[in-house]
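Colleague: My questions will all concern the structure given below.
Any read-out appearing in this document is the output of simple, stated calculations on the displayed coordinates, not a laboratory observation. Quantities reported herein were computed from a predicted structural model and do not represent experimental measurements. Cβ: placed from backbone, ideal geometry, glycine included. Neighbour counts: every protein chain shown.
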Amino acid sequence: MSLSTPPSWPIYAEDEREAVERVLCSGKSNYWTGEEGKSFEQEFAQWCGISHGLCVFNGTVALELALRACGIGTGDEVIVTPRSFLASAAAVVAVGATPVFADVDSTSGNITA
C-alpha cells in the first residue's frame with residue numbers, strides 16, 4: 001500500500017471474524033436465543049463501573065433511547081447539527097420532538113449560533 005492508496009475499512013482481526021462465524025453458525029444469532037449480547041452488556045457495564053448496560057441495534061436507536069430517557073417528546077425542540085448523519089434529526093422526530101438545526105462553523109464543525 002502506498003501513501004496515495006487509502007487503507008481498506010473496516011478492518012477485522014482474525015479473532016473477531018472467528019467470533020462472528022461462531023455465532024452465525026450456532027443458529028443462535030439473535031439476542032433472545034444467543035448469549036453474546038447479554039454477555040457483552042454485563043462485561044461492558046463492569047468495565048464502565050456501572051450496574052447495567054444495554055445493547056442496541058445501531059446508533060440511531062441509541063440516540064432515540066437517550067432522548068426518551070431524558071423525557072424528550074412532543075412539544076420539545078432539540079438542537080442538532082446539520083453536518084451529521086440523518087439519524088441525528090431522525091431520532092428527534094421519532095420521539096415526537098422537533099429538530100432545530102444550528103449554525104455550524106465550516107472549519108471546526110462547532111455550533112456557532
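Colleague: Would you please classify the overall shape of the chain from the alpha carbon gyration tensor, given that a ≥ b ≥ c denote the square roots of the eigenvalues, rounded means a/c under 1.5, and beyond that prolate means a/b larger than b/c while oblate covers the rest?
Modeller: In terms of gyration-tensor shape, oblate.
Colleague: What percent do you get for the relative contact order of the stretch 57-113 when only Cα pairs under 8 Å and 6+ apart count?
Modeller: 34 percent
Colleague: How far is it, in nm, from the label point at PHE85 to the one at GLU16 when both lie 7 Å from their Cα along the line to the Cβ?
Modeller: If labels sit at PHE85 and GLU16, their model points lie 1.5 nm apart.
Colleague: Percent relative contact order of the chain, based on C-alpha pairs within less than 8 angstrom and at least six residues apart?
Modeller: 16 percent
Colleague: Could you list SER106, SER39, SER4 so that the one with the fewest beta carbons within 10 Å of its beta carbon is first and the one with the most is last?
Modeller: Ordered from fewest to most neighbouring Cβ atoms within 10 Å, SER106, SER39, SER4 come out as SER4, SER106, SER39.
Colleague: Would you please name the GluC sites (Glu not before Pro) within the stretch 1-92 that are DSSP coil residues with at most 12 other C-beta atoms within 10 Å of their C-beta?
Modeller: Loop-located and lightly packed - GLU35.
Colleague: Relative to 2.2 N^0.38 Å, what does the C-alpha radius of gyration of the stretch 57-113 come to as a ratio? Two decimals please.
Modeller: This ratio for the stretch 57-113 stands at 1.14.
Colleague: Then there is this: How far apart, in nm, are two points set 7 Å out from the Cα along the Cα-to-Cβ line at THR60 and at VAL104?
Modeller: 1.8 nm
Colleague: Within the stretch 4-113, list the chymotrypsin sites (Phe, Trp or Tyr not before Pro) lying in a DSSP loop whose Cβ has at most 15 other Cβ atoms in a 10 Å radius.
Modeller: Here the chymotrypsin sites (Phe, Trp or Tyr not before Pro) that fit, given the DSSP loop and packing criteria, are TYR12, TYR31, TRP32, PHE57, PHE85.
Colleague: Based solely on C-alpha atoms, express the radius of gyration and the Dmax of the stretch 8-55 in angstrom.
Modeller: Expressed in Å, the Cα Rg and Dmax of the stretch 8-55 come to 12.8, 37.
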